[in-house]
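The values are calculated or read from the model by the stated rules, or taken from the named source; none is laboratory data. Note that the coordinates shown come from a computational prediction; the quantities given were computed from them, not determined experimentally. Using ideal geometry, Cβ is built from the backbone for each residue, glycine included, and neighbour counts are taken over all protein chains shown.
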Amino acid sequence: MPIPHRRFDALILGAGGAGLNAALRLASADLRVAVVSKVFPTRSHTVAAQGGVNAALANVLPDNWHWHMFDTVKGSDYLGDQDAIEYMCREAIPTVYELEHAGVPFSRLDNGKIYQRAFGGQSQDFGGDQAARTCAAADRTGHAILHTLYQQNVRARSHFFDEYFGIDLIRDDEGVVIGALVLDIESGEPLVIESKATLIATGGYGQVFRTTTNAFINTGDGMAMALRAGVPLQDMEFYQFHPTGVAGKGMLITEGARGEGGFLVNGDGERFMERYAPRALDLASRDVVARSMVTEIREGRGAGPNKDHVLLKLDHLGAEVVHQRLPGITDICRVFLGIDPAKDAIPVFPTAHYAMGGIPTDPHARVVAPARHGPEEVVPGLYAAGECACVSVHGANRLGGNSLLDILVFGRAAGTDILRFVAENPNHRTMRDEHIEPALARMQRWERKGEGESVHAAKADLRKLMEDHCGVFRERETMAEGVDKLKALRDRIDGVRLQDHSKTFNTARIEALELDNLMDVGMATLMSALHREESRGAHSRVDFPQRDDEQWMKHSLYSREDDRMDFKPVRTKPLTVESFPPKARVY
Amino acid sequence: MKISVYRYHPDTDDKPRMQTFEVEERPGMMLREALLEIKAQDETFAFRHSCGEGVCGSDGMNVNGKNCLACVTPVADLKQPIQVRPFPGRPVIRDLVVDMTQFYEQYRNVQPYLVRKDPLPEQEIPQSPADRDKLDGLYECILCGCCSTACPSFWWNPEKFHGPAALLQAWRFLADSRDQATDERLDALEGPYKLFRCHTIMNCVEVCPKGLNPTKAIGHIKELMLQKSI
């Protein structure tokens, strides 16, 4: 039976904040937009973001976008592209107001303005006193934003393909992206969506690690799609471990808990961040706090019977602040730990949380890849935004509150540029069967029957491997061993078989397709980490403890073909202001 | 521990059946983890789930006769053998996966978005903390469907009665000091079914995993309608 085709002006893969903000922009301009999501849109992982979104509104303390830019460049350990960072920090302000107008129920100050809290790595006046830049809806900001964006898309009548899984991009002979092959999870039938422009907004891949704050659905689907389409992934060695995941379980405890005045103590009850970041203390950058915690534990000062975690104390803030400003955290502690955070300290450990790296794009969210004319040639018809993309605004370490900002600003930017692109390219290009062939082959690979290892077992091995060989502290020997093991696992995957070949809502098949994706992004992460012989941001090499700007102030690019590594320069020139040159990073 | 789960596959089964699995209980184990263990034993078992912490709203199901989210339901609190079934009153697609189309349709029917008619200011639309407090207990809804699929009025008239989740959202926008579509919203809820089929049975309140109170929200809408009609 021939595969049905549907045609839209724009195709958006993923219905988190980036995808929905792009869809809203396009649908409001009367384009025909298809939004494909493997879960109902409000189940996307944006929903779990807690603390807030950064914008220099200056509602609480003096602020301006230029200070925000400085903090972001410094936080990135000077690997972020300064043109993109300037754009994001300027756009932050109108973006938050636009969201508020769309209905986001931000918490409020007495004067009726949006409530802003302190977050890590924020300063006034280029490294001075702590700033308060994070706009919050209690500690459910992601939920509030995602639901609002979905609601506005309902108003704008965007076309949703709920519970459809993206198999692969479709490119024509000239390399133009002309749509995607997707799978209707309920019926098990494939569908081709033809589009003039395609946006990948599929989020992160925390499921590649055993303990993660990420949801089950965060399997790097779009990143792996890009890899298979021949696009490299950028800066994949930079993976953020959030300081405060619930120890052993992984649920996120927002940085806002420290922003509201909470602090960390070791097993001796000592406020150890005083030794590591005398000025910013517990609100130093996440990479700094995570390393300090692991160092405390490694040196025998952990808390608990096994001395394997540290404690987050909020009890001095009073029940009113804790329960009012952090109701979601209060819930998580009650349900999963049986404690009240206003009374008892929370056991925490750095937990896999966020990919700074991803699909390389320019500040218009256009995917760029090395080609004939240089390292940043636009891939026609293809866009990426959000955690799956690498603009790069986060460089080697993302600041808290900048991820919601990233998805909103660059989701919107993608929408704006797609409008231009579709105006300039008003016709669908011809799609022939052979263009669809590679995507179909990927799907059919899992139709092979017979005995074999299970998807579940292979996935568990992958997650353990990544945790053991690519954690907070890294060195050549363990990573090289990890790469060998991962290559062996990749060979094993060929022998993995599904036992369930039924069509209707076959979640086993989806998990098998996700496993392919996790393998690809796992390899990208480990290979990139092995190659970068310096310590920068979240990438901490025990064998190369210093940052090396001479050799390594450059972006890495991993290609799937032969697991090849390439590099390209950092864009240090901002749009209008002076460049921030690299300096020692002290908090 | 013994867990009995509802199994139905439309391609192979004439009718549904219950199947019992043995799962090793761990301290602090949530039902979702137990279901994942079953999935590891038998990959043909299908259920929706994602975040694992009660914010995405994917894994609503009926457990020992009561709707709940599996990821925030400790197995230690459940009488064994644990009986796990799909949401009542919804067409079953496969195993615990039900068709929620009508539930989402009712949500879309209440214009679940802020309507602002005045020109937009350059900055935020001001809102006092007291006015913002009125949205607490409303905006936190995760659209899991536990409430509406526990509501007898929704079982009987799912195409006419909006159901508790959609009505909670209707009130969320009526209660928002920034919204400027009160009259249209109330007019759209007129008639004997959309709103007024609520018989305050309060199943919705009992099952909401976020502790929200749709019955109270429905009461507020009725009061406002009454005020407007005088």
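Of A:H309, A:H316, which residue is crowded, with 23+ Cβ neighbours inside 10 Å and either farther than 17 Å from A:A257 by Cα or modelled with pLDDT of 95 or more (or both)? If you could, list the steps in order and put the result at the bottom.
Working: A:H316 fails: crowded, with 23+ Cβ neighbours inside 10 Å.
Being crowded, with 23+ Cβ neighbours inside 10 Å and either farther than 17 Å from A:A257 by Cα or modelled with pLDDT of 95 or more (or both) holds for just one of A:H309, A:H316, which is A:H309.
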By residue number, the members of segment A:105-137 that are surrounded by 24 or more Cβ atoms within 10 Å (Cβ to Cβ), more than 7 Å from every other protein chain (Cβ to nearest Cβ) and in a loop (DSSP other than H, G, I, E, B) are A:F106, A:F119, A:G120, A:G121, A:Q122, A:A131, A:R133, A:A136, A:A137
In segment A:282-333, anything within 14 Å of chain B (Cβ to nearest Cβ) and of a type in the set (S, T, Y) is listed as A:T330
Filtering segment B:142-171 for residues that are out of contact with any Pro (no Cβ under 7 Å at 6 or more places or on another chain) and free of Cβ contacts under 8 Å to residues at least 60 places away in the same chain leaves a count of 9
Across (1) within 17 Å of A:Q151 (Cβ to Cβ); (2) buried (at least 23 other Cβ atoms within 10 Å of the Cβ); (3) in contact with a Ser or Thr (Cβ under 8 Å, 6 or more places away or on another chain), B:F161 clears everything bar (1)
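Does segment A:30-41 contain any residue that is in a helix (DSSP H, G or I) and buried (at least 24 other Cβ atoms within 10 Å of the Cβ)? Don't jump to the end; show me each part of the working.
Quick first cut of segment A:30-41, residues in a helix (DSSP H, G or I) only: A:41.
With the extra rule that they be buried (at least 24 other Cβ atoms within 10 Å of the Cβ), the set shrinks to A:41.
Yes, the conditions are met somewhere in segment A:30-41.
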Filtering segment B:24-48 down to residues that are more than 20 Å from B:G60 (Cβ to Cβ) and in contact with a strand residue (DSSP E or B) (Cβ under 8 Å, 6 or more places away or on another chain) yields B:G28, B:Q41, B:D42
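More than 23 Å from A:A224 (Cα to Cα), in contact with a helix residue (DSSP H, G or I) (Cβ under 9 Å, 6 or more places away or on another chain) and either among the polar types (S, T, N, Q) or surrounded by fewer than 18 Cβ atoms within 10 Å (Cβ to Cβ) (or both) - does that describe any residue in segment A:452-465? Even if it seems obvious, please write down each step before you answer.
Looking only at segment A:452-465, we keep the residues that are more than 23 Å from A:A224 (Cα to Cα), and these are A:452.
Add one more test, that the residue is in contact with a helix residue (DSSP H, G or I) (Cβ under 9 Å, 6 or more places away or on another chain), and what stays is none.
No.
Considering only residues that are within 27 Å of B:G52 (Cα to Cα) and at the interface with chain A (Cβ under 9 Å from one of its Cβ atoms), look in segment B:118-149 and name the one that is surrounded by the most Cβ atoms within 10 Å (Cβ to Cβ).
Of segment B:118-149, the ones within 27 Å of B:G52 (Cα to Cα) are B:135-149.
Filter again for at the interface with chain A (Cβ under 9 Å from one of its Cβ atoms), leaving B:135-136, B:138-143.
Working: B:L135: 20, B:D136: 15, B:L138: 23, B:Y139: 24, B:E140: 24, B:C141: 25, B:I142: 25, B:L143: 27.
Ranking the qualifying residues of segment B:118-149, first place goes to B:L143.
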Taking segment B:43-88 and keeping only residues that are at the interface with chain A (Cβ under 7 Å from one of its Cβ atoms) and hydroxyl-bearing (S, T, Y), one is left with B:T44, B:S50, B:S58
Scanning segment A:66-76 for residues that are of a type outside the set (S, T, N, Q) and surrounded by 24 or more Cβ atoms within 10 Å (Cβ to Cβ) gives A:H68, A:M69, A:D71, A:V73, A:K74, A:G75
- Item | Test result for A:P363, within 28 Å of the chain's Cα centre (by Cα) and under 17 Å from A:G250 (Cα atoms) | no
Residue pairs within 7 Å by beta carbon, gap of at least six or interchain, first lying in segment A:486-505 and at positive phi, second surrounded by 15 or more Cβ atoms within 10 Å (Cβ to Cβ) and not in a loop (DSSP other than H, G, I, E, B), listed first then second, are A:F505/B:I93; A:F505/B:R94; A:F505/B:V97
Filtering segment B:174-229 down to residues that are surrounded by fewer than 16 Cβ atoms within 10 Å (Cβ to Cβ) and among the acidic types (D, E) yields B:D183, B:E184, B:D187, B:E190, B:E206, B:E223
Restricted to segment A:494-517 and to residues being of a type outside the set (A, V, I, L, M, F, W, C), facing chain B (nearest Cβ under 10 Å) and surrounded by 22 or more Cβ atoms within 10 Å (Cβ to Cβ), the residue nearest to A:I185 (Cα to Cα) is A:N506
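For B:R26, indicate whether it is without any contact (Cβ under 8 Å) to a residue 12 or more places away in the chain and within 25 Å of A:I332 (Cα to Cα).
Yes.
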*asked:* Can you find a residue that is touching a residue at least 24 places away in the same chain (Cβ under 8 Å), among the polar types (S, T, N, Q) and more than 20 Å from A:G259 (Cβ to Cβ) anywhere in segment A:49-61?
replied: no
Checked pairs for segment A:506-534, first closer than 14 Å to A:I217 by Cα, second aromatic (F, W, Y), C-beta under 8 Å and 6 or more apart or across chains, list as A:T507/B:F47; A:R509/A:W446; A:I510/A:F165; A:A512/A:W446; A:L513/A:F165; A:L513/A:W446; A:N517/A:Y205; A:L518/A:Y205
Those residues of segment A:222-238 that are of a type outside the set (A, V, I, L, M) and touching a Lys or Arg at 6+ places or on another chain (Cβ under 7 Å) come to a total of 2
Counting only residues in segment B:30-40 that are more than 22 Å from A:G338 (Cβ to Cβ) and within 9 Å of chain A (Cβ to nearest Cβ), the one nearest to the chain's Cα centre (by Cα) is identified as B:K39
When segment A:43-65 is checked residue by residue, the ones that are buried (at least 24 other Cβ atoms within 10 Å of the Cβ) and at positive phi are A:G52
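Quick one: which residue in A:T525, A:T576, A:T572 is within 24 Å of A:L399 (Cβ to Cβ), hydroxyl-bearing (S, T, Y), touching a helix residue (DSSP H, G or I) at 6+ places or on another chain (Cβ under 8 Å) and assigned to a helix (DSSP H, G or I)? Before you say what the answer is, go through the steps one by one.
Working: A:T576 fails: assigned to a helix (DSSP H, G or I); A:T572 fails: assigned to a helix (DSSP H, G or I).
None of the other options fit; the residue is A:T525.
Looking at the structure I just gave you, is A:I93 under 19 Å from the mean Cα position of the chain (by Cα) and either away from chain B (no Cβ under 14 Å) or of a type outside the set (D, E) (or both)? Please lay out each step first, then the result.
Working: under 19 Å from the mean Cα position of the chain (by Cα): no; either away from chain B (no Cβ under 14 Å) or of a type outside the set (D, E) (or both): yes.
Here the answer is no, as A:I93 does not meet what is asked.
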Could you go through segment B:13-28 and let me know if any residue there is aromatic (F, W, Y) and within 14 Å of another protein chain (Cβ to nearest Cβ). no
message = Looking at segment A:450-471, can you tell me whether even one residue there is away from chain B (no Cβ under 14 Å), in a loop (DSSP other than H, G, I, E, B) and under 19 Å from A:G206 (Cα atoms)?
response = yes
Taking segment A:78-104 and the residues there that are of a type in the set (V, I, T) and over 18 Å from A:A22 (Cβ atoms), the one that is surrounded by the fewest Cβ atoms within 10 Å (Cβ to Cβ) would be A:I93
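Being away from chain B (no Cβ under 12 Å), within 27 Å of A:H531 (Cβ to Cβ) and not in a helix (DSSP H, G or I): is that true of A:G482 here? Can you show your working first?
Working: away from chain B (no Cβ under 12 Å): yes; within 27 Å of A:H531 (Cβ to Cβ): yes; not in a helix (DSSP H, G or I): no.
In short, no.
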So the strands (runs of 3 or more DSSP E) completely within segment A:140-254 holding 1 or more residues that are closer than 23 Å to A:A365 by Cβ, away from chain B (no Cβ under 14 Å) and modelled with pLDDT of 95 or more are A:164-171, A:177-184, A:190-200, A:239-246
- Query: Quick one: would you say A:Y87 is more than 9 Å from chain B (Cβ to nearest Cβ), touching a Pro at 6+ places or on another chain (Cβ under 7 Å), touching a residue at least 60 places away in the same chain (Cβ under 8 Å) and not in a helix (DSSP H, G or I)?
  - Reply: no
